[in-house]
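Visitor: Take a look at the following structure, please.
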Amino acid sequence: MTTSPSATLHPVIASVTQRIAERSLTLRSEYLNRIEQMRGRGPRRASLSCANQAHANAAMDSGSKIWLNQAQKPNIGIVTAYNDMLSAHQPYETYPQQIRAAALRFGATAQVAGAVPAMCDGVTQGRPGMELSLFSRDVIAQATAVALSHDAFDATLCLGICDKIVPGLLIGALAFGHLPTIFVPAGPMGSGLSNKEKAAVRERYAQGKASKEELLAAESAAYHSAGTCTFYGTANSNQMLLEAMGLHLPGAAFVHPSDPLRTVLTEAAVERVLQLTEASGNYTPIGQLVNEKTIVNAVIALLATGGSTNHTIHWIAVARAAGILIDWADFDELSSVIPLLTRVYPNGTADVNAFEDAGGPTFVMRELLAAGLMHADVMTVFGSQGLRGHTRRPSLDEGKLVWQALPEKSTDPAVVRNADEPFAATGGLRLLQGNLGRAIVKASAVPEEAWIVRAPAKVFESQDALVKAYQDGQLNMDFVAVVIFQGPQANGMPELHHFTPVLGSLMSAGFKVALVTDGRMSGASGKVPAALHVSPEVAQGGPLGKVRDGDLVELNVHSGELRALVDAAEWDARPVRELPADTTWGYGRDLFAAQRRVVTAPEKGASTLFID
């Protein structure tokens, strides 16, 4: 590291942040005014009537009731996404008991305010249930709001890790922006079968060269125990972004569920959130902590680590929940100056355990701050040092929690690098534009020789149609797969990993292949160049619906272009394909018809909550 800890903020970052602040001025002021109106009322339970309190206390043990009935002690609301189907969330089963016990030791109480749904995209990939995945984020936000609506809490601890769960919890928590809030992670599972080996088996299976038994054995060796999946997808990107926003205790993201440090960090989160309440004299509500600079820091962390494309949707919705307006042009401009500092699968071969061992989020943030590539002057849940307080790693010293400085140089430069020796000079995401609309591409996952693809289009209206064409031998050629009717209004915008092994195997066979879709690919976006979230979506009359088989389509990461090379007059005269007969029923999809009608475009967060 050759830069100074006091490096001047990069002018592009300053400019983008200022632009966001100006764009958001009215909305942000209204949001902050609402927070101000909610403060100054003392312990929340004191405002409840005796009947209200009796209901809220009825099931508590006698010791807790004594504290609760005093109504002068702070009470923590726990919002949990526990279920034992998600490996990442299974460890949360025992957290409420641990948090309650810790709160009593610190002179407070804690109650589970409510639980939120948490579905696993890994289970629903390629299945009808995946069409509920994106909308589940807003359901989680609403469920968080319902949990906190009892108005009996002085602070919040959010227990959640995975894809839509963290953004949903955060949006819900921001609706109660007057409450201090800390997110409590549970950590990743240990490393199993490498992601590279797993992907190879998937490709062999797609080619008919591996049996289902071999595939299941490989998948089970990769996903084998409690904890987050170890590739750097949306779940682990969530953790990186929360660290960069100062909503975790420093370095908490990737400590294993069974590590004694994890228990101590959870108890420390209880103690710390109590130090942020109104009565503490150090009032730090989440709605003030999350501001324009915090949101920009989150985007920068995403870009510097080659994180999930899902967050080009989710963090737009998160920002909107705090009265802040961002768009893909902000992501793109920041990406032009943010270096890529990590290579973690699918942007490399390492997993998040190797990332953590090499320095993890704390190392990346230290390097970015030292290079003037993050806002240091922000509030965080940790204290007065701003974001610089989040650049040390937690450890145990004779059972006590301490934070230690990291080595000056990366201990594994194949995984994490210093800011003056990056993997690439620019970040992992690019905005593509042209006569097909606006889209996002995860360039960091794609080899540079595949950054330009110009080939005939093959148009498909479903994932299954593409897989069938492959199985029928129709795709042994250079082509651009155009997969339409996959946007939020068409079918809820499911992730499209069902055919990832197919396209990957075609690339491995030497064909030039790309994907253009109004759907999502997300954190597992890999080596196939993919223009994602094409907007407007075809169901809204988007021009992607004009593409016909054989049209020459160009995807160019270098120039940021996405276009059909069709005569302009012919292109203008073409109709957009009409949405096929409705198949969005069964598996609960019927219940989300209203959401499909009102959901906003991906660049506005694909939101059913903020539709103005």
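Visitor: With the structure loaded, tell me whether A141 is over 16 Å from the mean Cα position of the chain (by Cα), in a helix (DSSP H, G or I), at pLDDT 95 or above and on the phi < 0 side of the Ramachandran plot or whether it fails that test.
Guide: No, not satisfied.
Visitor: What's the number of the only condition in (1) open to solvent by less than 90 Å² (accessible area, probe 1.4 Å); (2) part of a helix (DSSP H, G or I); (3) at pLDDT below 70 that Q53 fails to meet?
Guide: For Q53, the exception is condition (3).
Visitor: Right, next: Can you name the helices (runs of 4 or more DSSP H) wholly within region 205-305 that have at least 1 residues being modelled with pLDDT of 95 or more and among the hydrophobic types (A, V, I, L, M, F, W, C)?
Guide: Hits in region 205-305: 234-245, 260-274, 286-289, 292-304.
Visitor: Going by the structure shown, is I13 modelled with pLDDT of 95 or more, under 24 Å from C158 (Cβ atoms) and not in a loop (DSSP other than H, G, I, E, B)?
Guide: Judged against the criteria, I13 is not a match.
Visitor: Of everything in region 438-457, what is in a strand (DSSP E or B), buried (at least 24 other Cβ atoms within 10 Å of the Cβ) and not charged (D, E, K, R)? Give them in sequence order.
Guide: Matches in region 438-457: A439, I440, V441.
Visitor: In addition: Spot the failing condition for D151; the list is (1) of a type in the set (D, E); (2) open to solvent by less than 10 Å² (accessible area, probe 1.4 Å); (3) outside any helix (DSSP H, G or I), and only one is missed.
Guide: All conditions are met except number (2).
Visitor: Let me ask something else about it. Of (1) part of a strand (DSSP E or B); (2) open to solvent by 40 Å² or more (accessible area, probe 1.4 Å); (3) of a type outside the set (K, R); (4) out of contact with any strand residue (DSSP E or B) (no Cβ under 6 Å at 6 or more places or on another chain), W403 satisfies all except one. Which?
Guide: All conditions are met except number (4).
Visitor: Additional query: Please work out if I326 is of a type in the set (A, V, I, L, M, F, W, C) and open to solvent by 10 Å² or more (accessible area, probe 1.4 Å).
Guide: When the stated conditions are applied, I326 passes them.
Visitor: Given the residues L552, L515, L503, which is the only one that is modelled with pLDDT of 95 or more, open to solvent by less than 10 Å² (accessible area, probe 1.4 Å) and touching a strand residue (DSSP E or B) at 6+ places or on another chain (Cβ under 7 Å)?
Guide: Every option except L515 fails the conditions.
Visitor: Only residues in region 484-512 that are over 24 Å from A606 (Cβ atoms) count as the first member; pair them with residues that are at pLDDT 90 or above and among the hydroxyl-bearing types (S, T, Y), Cβ under 9 angstrom, at least 6 apart or cross-chain, and list the lot.
Guide: Close Cβ pairs (under 9 Å, with a partner that is at pLDDT 90 or above and among the hydroxyl-bearing types (S, T, Y)) amount to V502/Y470; S505/Y470; L506/Y470.
Visitor: Mind listing whichever residues of region 166-178 are open to solvent by less than 10 Å² (accessible area, probe 1.4 Å), touching a strand residue (DSSP E or B) at 6+ places or on another chain (Cβ under 9 Å) and not in a helix (DSSP H, G or I)?
Guide: none
Visitor: Moving on. Test each condition in (1) within 19 Å of F355 (Cα to Cα); (2) buried (at least 18 other Cβ atoms within 10 Å of the Cβ); (3) at pLDDT below 85 for K196 and report the one that comes out false.
Guide: (2)
Visitor: For region 318-354, what are the residues that are acidic (D, E) and within 21 Å of V446 (Cβ to Cβ)?
Guide: Scanning region 318-354 gives D332, E333, D351.
Visitor: May I ask you to list the residues in region 79-94 that are in a loop (DSSP other than H, G, I, E, B) and either of a type outside the set (F, W, Y) or buried (at least 24 other Cβ atoms within 10 Å of the Cβ) (or both)?
Guide: Matches in region 79-94: A81, N83, D84, M85, L86, S87, A88, H89.
Visitor: Could you please find all residues in region 333-367 being touching a Lys or Arg at 6+ places or on another chain (Cβ under 6 Å) and in a helix (DSSP H, G or I)?
Guide: Listed by number, the list holds a single entry, T362.
Visitor: Is at least one residue of region 285-294 open to solvent by less than 10 Å² (accessible area, probe 1.4 Å), over 15 Å from the mean Cα position of the chain (by Cα) and small (G, A, S)?
Guide: The answer is yes, given that some residue of region 285-294 is open to solvent by less than 10 Å² (accessible area, probe 1.4 Å), over 15 Å from the mean Cα position of the chain (by Cα) and small (G, A, S).
Visitor: Restricting attention to region 95-124, report how many residues are part of a helix (DSSP H, G or I), small (G, A, S) and either more than 30 Å from Q53 (Cβ to Cβ) or touching a strand residue (DSSP E or B) at 6+ places or on another chain (Cβ under 6 Å) (or both).
Guide: Within region 95-124, residues that are part of a helix (DSSP H, G or I), small (G, A, S) and either more than 30 Å from Q53 (Cβ to Cβ) or touching a strand residue (DSSP E or B) at 6+ places or on another chain (Cβ under 6 Å) (or both) number 2.
The values are calculated or read from the model by the stated rules, or taken from the named source; none is laboratory data. Given the structure is predicted, the values throughout are model-derived calculations rather than measurements. Ideal geometry is used to build each Cβ from the backbone, glycine not excepted, and the neighbour counts take in all protein chains shown. Ligands, DNA and RNA are excluded from the accessible area calculation, which covers all protein heavy atoms including side chains. Shrake-Rupley method; radii C 1.70, N 1.55, O 1.52, S 1.80 Å.
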